[in-house]
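Accompanying notes for the structure given below.
The values are calculated or read from the model by the stated rules, or taken from the named source; none is laboratory data. Please read all numbers here as calculations on a predicted model, not as lab measurements. With ideal geometry, Cβ positions are generated from the backbone for all residues, glycine too; neighbour counts draw on all protein chains shown. Areas reflect the complete protein model, heavy atoms only, side chains present, ligands, DNA and RNA absent. Shrake-Rupley method; radii C 1.70, N 1.55, O 1.52, S 1.80 Å.
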Amino acid sequence: MIIVVTPNPAVDVTYRVAEQRIGATQRVLDVARRPGGKGLNVGRVLAATGTGTHAVLPLGGPSGRWVADALDALRLPHSDVAVTGETRTTVTVVDDREHPTMFGEPGPRVTPDEWDAVTASVERLLDNAEPSALVVSGSLPSDTDPAVVGAWVAAARARGVPGLVDCSGDALLAAADAGATICKPNRGELLEATGAADERAGALQLLDRGAAVVVVSRGADGIAAHTVDDVVEVPAIAGVTGNPTGAGDAATAGLITALAARPAGVSGAGAPVVVDETALRTAAAFGAAAVLRPVAGEVDPDDVRRFLTTTETDTDTDTAPHDRTGSPA
């Protein structure tokens, strides 16, 4: 079982239109509503491909109750922390020609006491559920101290549970400082958080802070795993078109799936985690499969299996899946 923390969950609304036009009234052809936020997208993909998960998330107001009810309907286990603020909504507009446009609300203010309750929930699961990994994925609501991410990583590390963090900004730095097993930003987030001039320099900064491995999503340029001594990289899957919203979240699910499937588990029975080409190809296959789905947080397992057989040497920068652009943060 994998614990998945979503610091800033959302009601994800996806509108499909014939053509995106600014300043014009547009008819919505169909609408989909899903429980979202990056961590829930990761959890839904993991569940769809047979991996057990348990979500931890702060929820508030009618929209928060809707998210909880939707997770129940999907039969996804979850531990909710009640907050006074209203859970946010994100709206993504898609058509068959343009890149999706996403409108993401910042999320509610969560009090320090409410964050303490989230941390306590994470610690209870770490102590009682025998998880194989902890995943923290997504943005933090407004005015949140990024130290909360470090607290979750430290709690997992103290119990010998690997932690994968897909966050940005100061939260990414806090995860590295706490010794995250894997930090997984996209390239833009890495450069912004570290102020580095290039990907390798930024990855080395996170490694120097304490991260064991830095996995960088490059969108159409593939994905890479950095350690102090080496860089392993694979290209994106070629010829894939569709909705890239949530492709980076699916790649996170694919990465943790590949590592958890190893005989010794994610942690290698105490040995350092090795993110090799096989793990990165699995991440790329999951990301590509997500592009074919109409909404974030979905993959067809048959598509994943098909992409896993795709040669890793064929890339196409025009049609390969874009990492996380337009996805709920």
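For the stretch 45-156, the calculated P(r), taken from all Cα-Cα distances in 5 Å bins from zero up to the bin holding the longest distance, is 2, 10, 18, 21, 20, 17, 8, 3, 2, 0 percent. Dividing the helix sum by the residues of the chain, where each DSSP H run of 4 or more adds -39500 (n - 2.57), gives a mean residue ellipticity at 222 nm of -11000 deg cm²/dmol. The accessible surface of the chain, taken with every protein chain in place and a 1.4 Å probe, is 49 percent carbon and sulfur. Approximating the spin labels as points 7 Å out from Cα along Cα→Cβ, the ALA147-to-ASP302 distance works out to 5.2 nm.
Applying 0.36 nm per residue to the separation of ARG21 and ARG124 and subtracting their alpha-carbon distance, the gain on full extension is 32.3 nm. Put a dot 7 Å past the Cα of ASP198, heading toward its Cβ, do the same for TRP66, and the two dots end up 4.7 nm apart. The alpha carbon gyration tensor of the stretch 175-298 gives principal lengths a ≥ b ≥ c with a/c of 1.5 or higher and a/b no greater than b/c, which makes the shape oblate. Free of any trypsin sites (Lys or Arg not before Pro) that DSSP assigns to a loop and that have at most 13 other C-beta atoms within 10 Å, the longest stretch within the chain is 160-329.
In the context of the full set of protein chains, residues of the stretch 46-177 present 44 Å² of accessible surface per residue (probe radius 1.4 Å, heavy atoms only). Annotation for ARG97 and THR111: the two label points, set 7 Å from Cα along the Cα-Cβ direction, are 5.1 nm apart. Of the peptides 111-123, 287-299, the ranking by mean beta-carbon count within 10 Å, highest at the top, reads 287-299, 111-123. Overall form of the stretch 138-244: prolate. Here a/c, set by the Cα gyration tensor axes a ≥ b ≥ c, is 1.5 or more, and a/b is the larger of a/b and b/c.
Would you mind classifying the chain by shape? Square roots of the alpha carbon gyration tensor eigenvalues, ordered a ≥ b ≥ c; an a/c under 1.5 is rounded, otherwise it is prolate if a/b is larger than b/c and oblate if not. Cα axes put the chain in the rounded bin. Highest mobility in the GNM of the chain, judged by mean-square fluctuation with C-alpha springs under 10 Å and restricted to VAL153, VAL93, VAL28, is found for VAL28.
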